[in-house]
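Here's the structure we're looking at; comments come further down.
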Amino acid sequence: MKELLDKISTYNIFNFLLPGVIFSVFATKLTTYDFIQEDLLSGAFVYYFIGLVISRIGSLIIEPSLKKARIISFSSYENFLRASMNDPKLAVLSETNNMYRTICALLLCIAVLFFYDKVAQSIEILKTATPVVCVVGLLALFLFSYRKQTFYIQKRVSANKDEI
């Protein structure tokens, strides 16, 4: 167990575990859904997974939406890789940046669940379809996440091909 805890980075704590815990507490208080786990170990895994989902929503919905609205812009990935070799603080700034994006996604997810819950209480088909909606939504979310991650790996390989 200690080895597992040693491998958990601050990125994992602030971008996955903490948002999962916060979401679970707020969602349990604001909706009819109860995400709080009695067992600490299973709770850690459930909260981590919820946080992972929230983080992916931030990456696939919040970030592109803010880019499209021209609220944020990024440097090219190649420039980021070069700069991060010369500036070790860039990794910390990027981690903090991702944490803010995840918090935005967290607040959006709480709001969406709150309104979904209110609508589902009056529309019976939504209440019965909730498990299917969740599974299909998670499948789509992780398929697009896989695609985005593969794209980043390709870009990183391309950026480093001259170094090999």
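The values are calculated or read from the model by the stated rules, or taken from the named source; none is laboratory data. These numbers come from a predicted model, not from an experiment. With ideal geometry, Cβ positions are generated from the backbone for all residues, glycine too; neighbour counts draw on all protein chains shown. Ligands, DNA and RNA are excluded from the accessible area calculation, which covers all protein heavy atoms including side chains. Shrake-Rupley method; radii C 1.70, N 1.55, O 1.52, S 1.80 Å.
Points worth noting:
- Looking at region 11-122, the helices (runs of 4 or more DSSP H) lying wholly inside it that each contain 2 or more residues that are open to solvent by 40 Å² or more (accessible area, probe 1.4 Å) and in contact with a helix residue (DSSP H, G or I) (Cβ under 6 Å, 6 or more places away or on another chain) sit at 18-30, 40-57, 77-86, 89-122.
- Reported count of residues in region 123-134, each being surrounded by fewer than 12 Cβ atoms within 10 Å (Cβ to Cβ) and assigned to a helix (DSSP H, G or I), is 6.
- Hey, ALA91 closer than 25 Å to ALA159 by Cα and out of contact with any Leu (no Cβ under 8 Å at 6 or more places or on another chain) or not: yes
- In region 66-77, the residues that are farther than 18 Å from TYR100 by Cβ and touching a residue at least 12 places away in the same chain (Cβ under 8 Å) reach residues that are assigned to a helix (DSSP H, G or I) and aromatic (Phe, Trp, Tyr) with C-beta atoms within less than 8 angstrom, at least six apart or across chains, in these pairs: TYR77/TYR152.
- Of the residues making up region 137-153, just one is open to solvent by 90 Å² or more (accessible area, probe 1.4 Å) and β-branched (Val, Ile, Thr), namely ILE153.
- Residue within region 154-161 that is open to solvent by less than 100 Å² (accessible area, probe 1.4 Å), under 22 Å from VAL21 (Cα atoms) and modelled with pLDDT under 95 present: no
- Boolean, ILE62 is closer than 24 Å to GLN149 by Cα, in contact with a Cys (Cβ under 9 Å, 6 or more places away or on another chain) and either at pLDDT 90 or above or not hydrophobic (A, V, I, L, M, F, W, C) (or both): yes
- Close pairs from region 126-154: first without any contact (Cβ under 8 Å) to a residue 60 or more places away in the chain, partner in a helix (DSSP H, G or I) and among the hydroxyl-bearing types (Ser, Thr, Tyr), Cβ under 8 Å, at least 6 apart: LEU126/TYR116
- Qualifying residue in region 109-117 (condition: of a type in the set (Ser, Thr, Tyr) and closer than 23 Å to ILE22 by Cβ): yes
- Residue in region 122-138 that is touching a Lys or Arg at 6+ places or on another chain (Cβ under 8 Å) and farther than 21 Å from ILE13 by Cβ present: no
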